[in-house]
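The values are calculated or read from the model by the stated rules, or taken from the named source; none is laboratory data. Quick caveat, the model's predicted, so the values are computed rather than measured. Cβ placement follows ideal geometry from the backbone for every residue including glycine, while neighbour counts extend to all protein chains displayed. These area figures cover heavy atoms from the full protein model, side chains too; ligands, DNA and RNA do not enter into them. Shrake-Rupley method; radii C 1.70, N 1.55, O 1.52, S 1.80 Å.
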Amino acid sequence: MKVAFFDAKPYDKPGFDHYAQEAGIEIKYFETHLNEDTVSLAAGYDCVCVFVNDTVNAAVAESLYQGGTRMIALRCAGFNNVDTRACFGKIHVFRVPVYSPYAVAEHAMALLLTINRKIHKAYNRTREFNFSLAGLTGFDLHGKTVGVIGTGKIGRIFADICKGFGMNVLAYDKFHNPDAGLNYVDLPELFAKADVISLHCPLTEETHHMIDDAAVEQMKKGVVIVNTSRGGLIDTESLINGIKVGIVGAACLDVYEEEGDLFYEDFSGSVIQDDKLVRLIAMPNVIVTSHQAFLTKEALDNIAHTTVDNMVKFEKGIESPETEVCYHCGRQTDCRKERHKKCF
């Protein structure tokens, strides 16, 4: 199998080189994103390996198919950047459902602790031998209420971490998990009662901009919003307005809805043209990290191992429905995946 690997970073290569060599898979690394302008690079490759900011829309999918590509290997859990309907019947799409839910959940808590106790500000002060405590007051997490939206593995682990701090946990999910031991409520109640809201759900048509003006208006004054899932869950303008009027007391963002052309690159010597992102970063009660919640040694190894395993199984014709996705997922009762078959 020949693989075109897009949006390649130095930390990707050791793990993928190791597992690909063992499997006899040939990888060509491209630093550029996959999109309509770069899809020609994939011509003649059996598989393309893509990440969160690559774009596989209908036009890209058709170009890949015409160029001989029959597999898309996502090295992430989310697949909102792939038009699975356009791929269906032509290109099989695989993902990494679980790589390290602990990595993402722990980063979410790290962001919350940092913004609350002003660790970033204290660090910068002491670097300049400024040991004043003025303006560094936080609040006890113990006894506060956290609203966890999305109770998959990451959301449940984050909830457990919060319980360890003595927080009261409210949960919302379209599909309740009876074994999670969580107190499920509807969104209006969660918005009204939560001191902290953390997002751990996928980006779909239904969840797009679930945090909008109407949602912010229902929230408790001073609420802290944490998002380590997908940027499109939050309407950025609504978040900014919520911060300006004081409803949102702080925001911790590892993702941003227009991150595709910015995150994972160094623009320190450039003028950023995205005014919304500039406004957010300039706010003293906002922390932005560049989609790094997944970035641990364990997660990188699991991503490489599972992605290459998906490639090997596909090449050998071995069914692996647990990692394949298509536009039918969750929408029909007679699903081939449930019969342990490929999606088509």
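A few remarks follow.
- With 29 Å as the limit, the listed pairs LYS9/LYS220; LYS28/LYS316; LYS28/LYS297 have LYS9/LYS220 beyond it between alpha carbons.
- Per-residue surface analysis assigns THR323 an accessible area of about 10 Å², computed on protein heavy atoms at 1.4 Å probe radius.
- The calculated FRET efficiency for the pair SER132 and VAL278, based on their C-beta separation and a Förster distance of 30 Å, comes to about 0.60.
- Sequence-distant lysines (8 or more away, or on other chains) whose Cα lies within less than 19 Å of LYS313: LYS2, LYS90, LYS337, LYS341, LYS342
- Ranked by the mean number of other Cβ atoms within 10 Å per residue, highest first, peptides 237-245, 189-197 order as 189-197, 237-245.
- For HIS107, the accessible area of its heavy atoms, probed at 1.4 Å with every protein chain present, is near 30 square angstrom.
- Members of LYS118/LYS144; LYS174/LYS221; LYS118/LYS153 lying beyond 21 Å, as alpha-carbon distances in this model show: LYS174/LYS221; LYS118/LYS153
- Cα-based Rg / Dmax (Å) for the range 96-200: 15.9, 52
- C-alpha center-to-center spacing [the range 1-57, the range 125-184] in angstrom: 36
- Protection proxy ranking of 144-152, 309-317 - average other beta-carbon atoms within 10 Å, highest first: 144-152, 309-317
- Within the chain, the whole DSSP H helices whose Cα atoms reach 18 Å or more along their own axis and whose mean Kyte-Doolittle score is at least 0.0 are 101-117.
- Between the listed residues ALA86, ILE161, HIS120, the Cα displaced farthest toward the positive end of the dipole of the chain, a dipole computed from Cβ unit charges relative to the Cα centre, is found at ILE161.
- Of the residues MET109, MET1, the one with the largest accessible area comes first in the ranking MET1, MET109, computed with a 1.4 Å probe on protein heavy atoms.
- When peptides 273-283, 164-174, 123-133 are sorted by average Cβ neighbour count within 10 Å, with the highest value leading, the order is 164-174, 273-283, 123-133.
- Under Karplus coefficients 6.51, -1.76 and 1.60, residue-wise ³J(HN,Hα) of the range 188-199 in Hz, glycine/proline x: x, 5, 4, 4, 6, 9, 7, 7, 9, 10, 10, 9
- Rounded accessible area of SER100 (nearest 10 Å², 1.4 Å probe): 20
- Accessible area per residue, Å², the chain with all protein chains present, probe 1.4 Å: 48
- Nonlocal amide H pairs with ILE197, under 5 Å, H built at 1.01 Å: GLY147, VAL224, ILE225, VAL226
- Think of the chain as a dipole: +1 on every Lys or Arg Cβ, -1 on every Asp or Glu Cβ, centred on the Cα centre; then among ALA105, ILE318, PHE6, ALA105 lies furthest on the positive end.
- The local environment of ALA43, defined by Cβ-Cβ distances under 12 Å, has a net charge of +1 under the rule Lys, Arg +1 and Asp, Glu -1.
- Among HIS209, HIS18, the order of accessible area from largest down is HIS18, HIS209, computed with a 1.4 Å probe on protein heavy atoms.
- Helix-only CD estimate at 222 nm, as mean residue ellipticity for the chain, using -39500 (n - 2.57) per DSSP H run (n ≥ 4): -9500 deg cm²/dmol
- D (Stokes-Einstein, µm²/s), Kirkwood Cα radius, the range 147-264, 1.002 mPa s at 20 °C: 149
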